[in-house]
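The values are calculated or read from the model by the stated rules, or taken from the named source; none is laboratory data. The structure presented is a predicted model; accordingly, all values stated were derived computationally and were not measured. Here the Cβ positions follow ideal geometry from the backbone for every residue, glycine too, while neighbour counts run over all protein chains shown. Ligands, DNA and RNA are excluded from the accessible area calculation, which covers all protein heavy atoms including side chains. Shrake-Rupley method; radii C 1.70, N 1.55, O 1.52, S 1.80 Å.
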Amino acid sequence: MHSDRVEFFYDLSSPWTYLAFTNIMGVLDRTGATMTLRPILVGGVFNAVNPAVYAAREASDNPKLLHSWRTLRDWAALAGVALNFPSQYHPAKSVNAMRMACGLVDDPAALHAFTKAAFESYFGAQENLDNPDVLVAVANSVGLDGDALRARAQSDDVKALLRANTDEVIARGGYGSPTIFVDKAYMYFGNDQLPLVEFALNRSAA
């Protein structure tokens, strides 16, 4: 079903995923690899295999968490990404956004455009990722029919696809967003491991 060498399982509510989505484009350019975007619901992943994330978020004085916010901003500056985060909508519910993303999986170019615009909306303009009206406007901004996509996102097959993608990444060992697979065999997690993604692509091609 998915012939691309890279699978990118992702949730739009994650700032690290926004950075990885931006930075992986250079990896693809340098290696000539192609990528399939696989929308998931990261809350479902956390609930199943990584509930400690919630406890860490509650501890506002957690030194690891505080340091991660500082490095997040450095990574954003390095990537040239405008990151106005966190906003009043953080942490965001992402089910509406991820269902709309699933409604576009048959059109990879449209899914890529919607994903990029949704990231910019939430992390750049500080708009509400959970508001269907905002998501319709995001879709319209990249030439899609936002109202049609909102309706499509409520279909049973789209809801089932989001559940299936989430269950699949859990079954394959994923524990958050983004989870990246190279040639279905090698799993990597997060923006920081993109050098390893590139290494795996070059190693496998050799």
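Using a cutoff of 8 angstrom between alpha carbon atoms and counting only pairs six or more residues apart, the relative contact order for the chain works out to 33 percent.
Extension gain for residue 141-residue 120 works out to 6.4 nm (0.36 nm per residue, less the C-alpha to C-alpha distance). A 1.4 Å probe run over the protein chains yields, for the stretch 137-206, 50 Å² of accessible area per residue, whole-number rounding. A simple rule links phi to the HN-Hα coupling: the Karplus curve 6.51 cos²θ - 1.76 cosθ + 1.60 with θ = phi - 60°, which for the stretch 117-130 gives 5, 5, 4, 5, 5, 6, 8, x, 8, 6, 8, 7, 5, 8 Hz, with x for Gly and Pro.
Rounded to the nearest 0.05, the FRET efficiency derived from the C-beta distance between residue 160 and residue 78 at R0 = 25 Å is 0.05.
In this simple spin-label approximation, residue 71 and residue 193 carry label points 7 Å from Cα along the Cα→Cβ vector, and these lie 1.4 nm apart.
A simple spin-label model places pseudo-atoms 7 Å from Cα toward Cβ; at residue 204 and residue 186 they are separated by 0.8 nm.
If you take the square roots of the eigenvalues of the alpha-carbon gyration tensor of the chain and sort them as a ≥ b ≥ c, do you get rounded (a/c under 1.5), prolate (a/b over b/c) or oblate? It is rounded, given that a/c, with a ≥ b ≥ c, falls under 1.5.
For the stretch 89-162, the relative contact order works out to 38 percent when only alpha carbon pairs closer than 8 Å and six or more residues apart are counted.
Note on residue 95: accessible area approximately 50 square angstrom, rounded to 10, probe 1.4 Å, nucleic acids and ligands left out.
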